[in-house]
Amino acid sequence: MTARRARTPDRRRAILDAALSCFDALGWQKTTMADVRDRAGASTGSLYHHFPGKEELFAALYLETIRETQEYALRALRRERSPRGAVRALVASYLRWVSRNPTKARFLLTTRRAEFGGTTQAELDRLNDAFHDEVGARLARPGGAGVLPRLGADVLGAILVGPSEAFARRWLRGRATTPLATATAQLADVAWHSLEALRGRRR
C-alpha cells in the first residue's frame, strides 16, 4: 500500500469531521464545499475525489451517524435478557449517546435531511430495516411474548425514540429543565408502559 493510499481513509475522516463542524456552526444551507475544504485542510481535488458535492457529503455523514447511533443502541440491547430491560436500555442508550455526542445529535435532530437518492436511500432503508428487525425480535422473545404483536417499525420507533428525541431537542438547545438522568428514567418508564398498554389491548 502506498503512503498516498494509506492516507486516504484519514483524509476522508478529516473531511467528514470538518463537514460536521461546519454544518453545526454555519448550518446546512450556508455551508459551502469551500468551507469544508478549508476546515479540513484538504485540497479541492481531494475534497471532490471523496465527495462530488455537498449533498453527497451530507448523505455520507448522515448515514455514518445513523449507523453509529444504531450500533450504540444495539450494544446496550444485547446485554439485556428481558423485554422490559431491553426497552429501558434502548431509551437510556439513546439519551446517553446524545449527551456524549451533542454535535452529532444536533446534526441528526436539527438539520433538515437532504433528499437521498439511489444507493444512498437504499442503504439508509437497509440500516433501518435491520435495526428494527433486531429490536422487534428481542422485545418479543420468551418472557415477553405478546408485548409487540404485529407492531410496525414506524409505530415502534415512535414509541421507543419519539419522546426521547423531543426531549433531546430541548436539551441540546439548553431549554430542558429536567435533569438528564431524571428524564431518562421517566422516558424509559413511558416507553415500557406504552408497550404494556398495547399488550393489554390484545387480551
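If each residue of separation counts as 0.36 nm, what is the full-extension length gain between ARG67 and THR8 once their alpha-carbon separation is subtracted?
Values: separation 59, 0.36 × 59 = 21.24 nm, distance 2.11 nm.
Once the chain is fully extended between ARG67 and THR8, it gains 19.1 nm.
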HN-Hα couplings for segment 49-66 via Karplus (6.51, -1.76, 1.60; θ = phi - 60°), in whole Hz with x for Gly/Pro, come out as 5, 7, 9, x, x, 5, 5, 5, 5, 4, 4, 5, 5, 4, 4, 4, 6, 4
Whole-number value, in Å³ per residue, for the convex hull of the alpha carbons of the chain is 142
Under the 7 Å Cα-to-Cβ spin-label approximation, LEU109 and THR178 lie apart by a distance in nanometres of 1.3
Counting every C-alpha pair in segment 17-61, the percent lying more than 12 Å apart is 53
GNM on the chain, Cα springs under 10 Å; top mean-square fluctuation among GLY174, GLY162, GLY85 goes to GLY174
To the nearest 10 degrees, the tilt of helix 118-139 (Cα long axis) against the first principal axis of the alpha carbons of the chain is 30
By the mean-Cβ-within-10 Å protection proxy, highest first, 34-44, 86-96 rank as 86-96, 34-44
Residue span ALA34 to ALA158: 0.36 nm per residue of separation minus Cα-Cα distance leaves a gain in nm of 40.9 nm
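What order do you get for 13-26, 186-199 when each peptide is scored by the mean count of other beta carbon atoms within 10 Å, highest first?
On the way: 13-26: 18.9, 186-199: 16.9.
Peptide ranking by packing, descending: 13-26, 186-199.
A short reminder: the numbers here are calculations on the coordinates, not readings from a lab. Computed from a predicted structure; not experimentally measured. Ideal geometry is used to build each Cβ from the backbone, glycine not excepted, and the neighbour counts take in all protein chains shown.
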